[in-house]
Structures are given as structure tokens and as C-alpha cells.
């Protein structure tokens, strides 16, 4: 029996180039296939207007919960590796992308500075993160408030469900 400790992390996924829904599902299946990660919940899929840089196609966004024995930075590296394998190119901030995977929270860890800030420093102000995350972790506490509470104050204009549930992402 393994003595590894698994902790819960939340991930935000998105994309607007090619087939982002297929890319996000493929990324979650790749994570789930690893012995050190288990995808335990997947949100509905959302169609969202571009944010930050608005002269581009709409995005698809979703969130997932994973249990992992990876340390936070190792989980980030794993997600970045999946992005690279899927030909993600980082050309401009908030620009178009085939796939984006953000580590939003990691159980028991709060850290700032360095290359990974936890919880994600801008997640509580982004409706495109909070709506899908509230599907699967409404009571998760971030910065002293639940995701559901943060969502009540978020700008969700134009964000619409694009699936009834997690059926867009079969994990097997």
C-alpha cells in the first residue's frame, strides 16, 4: 500500500483555438491517467467572452478537482507539460490559446511570490473561473469567503453554460 499523501487541488481550464473542448477533455484524461493524479470532479462547460484582450474568439472554460500526491510546483509543471504536448504557444498575455491549465488552489497551501501563487491571485475576480468552480466546489473557502460568495460579486456578463454537466469530458 502506498504511503503517498494525496491532496485536493482545483484547476481552471480554457481555450479558444482549434477544438478547445476536445483539448480540455484530453488534458484532464492525461492527468487522470497518471498514478499521482486523480480527477475527482469536472464542472459544466461554459462559453465565455474574451477577457483582458477582447478582440479574439470566445473561450470555452471549465474547472476540475484533482487529488494529487504531487507538490504544488510539480503539479504546475505537469500541467505546463500537458500544455506543451498539446502545442500551446505563449505569444501574448490573455491572447488566444489552444489550451490553458491554471492551478487555482491546493489544499493546505497559501503562498505568494515565486512562479506559483496560491490561491491563484486573480481567481476571485473572474466570473469565467468562479462559475465553473462553483459547480464542483461552491463551499471551497478562498481568501476567507466561499466560491459561492465570490461568485455573487463577480462579473458574469455573457457567460453561458455550454453543457448540462460533465458529459463533455469522459475520463475513460
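The values are calculated or read from the model by the stated rules, or taken from the named source; none is laboratory data. As the structure is a prediction and not an experimental result, all values here were calculated from the model. Note: ideal-geometry Cβ built from the backbone for every residue, glycine included; neighbour counts use all protein chains shown.
May I ask you to verify whether residue 85 is within 21 Å of residue 39 (Cα to Cα), more than 16 Å from the chain's Cα centre (by Cα), loosely packed, with under 14 Cβ neighbours inside 10 Å and modelled with pLDDT of 95 or more?
Spelling it out, it is not the case that residue 85 is within 21 Å of residue 39 (Cα to Cα), more than 16 Å from the chain's Cα centre (by Cα), loosely packed, with under 14 Cβ neighbours inside 10 Å and modelled with pLDDT of 95 or more.
Can you give me the number of residues within region 135-152 that are over 19 Å from residue 61 (Cα atoms) and without any contact (Cβ under 8 Å) to a residue 12 or more places away in the chain?
Of the residues in that region, 5 qualify.
Here is a list of conditions, (1) modelled with pLDDT under 95; (2) over 24 Å from residue 30 (Cα atoms), and residue 100 meets all of them except one; can you say which number that is?
Just one mismatch for residue 100, condition (2).
Restricting the search to region 137-171, which residues are exposed (fewer than 12 other Cβ atoms within 10 Å of the Cβ) and in contact with a helix residue (DSSP H, G or I) (Cβ under 8 Å, 6 or more places away or on another chain)?
Residues satisfying the conditions are 139, 143, 157, 170.
Consider residue 10 carefully, then state whether it is under 14 Å from residue 129 (Cβ atoms) and within 17 Å of the chain's Cα centre (by Cα).
Yes: the conditions hold for residue 10.
Output yes when any residue across region 24-35 is outside any helix (DSSP H, G or I), crowded, with 17+ Cβ neighbours inside 10 Å and within 13 Å of the chain's Cα centre (by Cα), and no when none is.
Looking through region 24-35, none of the residues is outside any helix (DSSP H, G or I), crowded, with 17+ Cβ neighbours inside 10 Å and within 13 Å of the chain's Cα centre (by Cα).
Would you mention how many residues in region 1-17 are modelled with pLDDT of 95 or more and part of a loop (DSSP other than H, G, I, E, B)?
Counting residues in region 1-17 that are modelled with pLDDT of 95 or more and part of a loop (DSSP other than H, G, I, E, B) gives 1.
Within the bounds of region 63-78, is there any residue that is more than 12 Å from the chain's Cα centre (by Cα), part of a loop (DSSP other than H, G, I, E, B) and either under 22 Å from residue 23 (Cα atoms) or at pLDDT below 95 (or both)?
Checking region 63-78: not a single residue is more than 12 Å from the chain's Cα centre (by Cα), part of a loop (DSSP other than H, G, I, E, B) and either under 22 Å from residue 23 (Cα atoms) or at pLDDT below 95 (or both).
For residues in region 49-60 being within 28 Å of residue 165 (Cβ to Cβ) and out of contact with any helix residue (DSSP H, G or I) (no Cβ under 6 Å at 6 or more places or on another chain), which is surrounded by the most Cβ atoms within 10 Å (Cβ to Cβ)?
59
For residue 63, are the conditions met, namely being in contact (Cβ under 8 Å) with a residue 60 or more places away in the chain and over 21 Å from residue 163 (Cα atoms)?
For residue 63, the condition - in contact (Cβ under 8 Å) with a residue 60 or more places away in the chain and over 21 Å from residue 163 (Cα atoms) - is not met.
Considering only residues of region 5-23 that are more than 24 Å from residue 141 (Cα to Cα) and touching a helix residue (DSSP H, G or I) at 6+ places or on another chain (Cβ under 8 Å), which is surrounded by the fewest Cβ atoms within 10 Å (Cβ to Cβ)?
Only one residue tops the list, namely 21.
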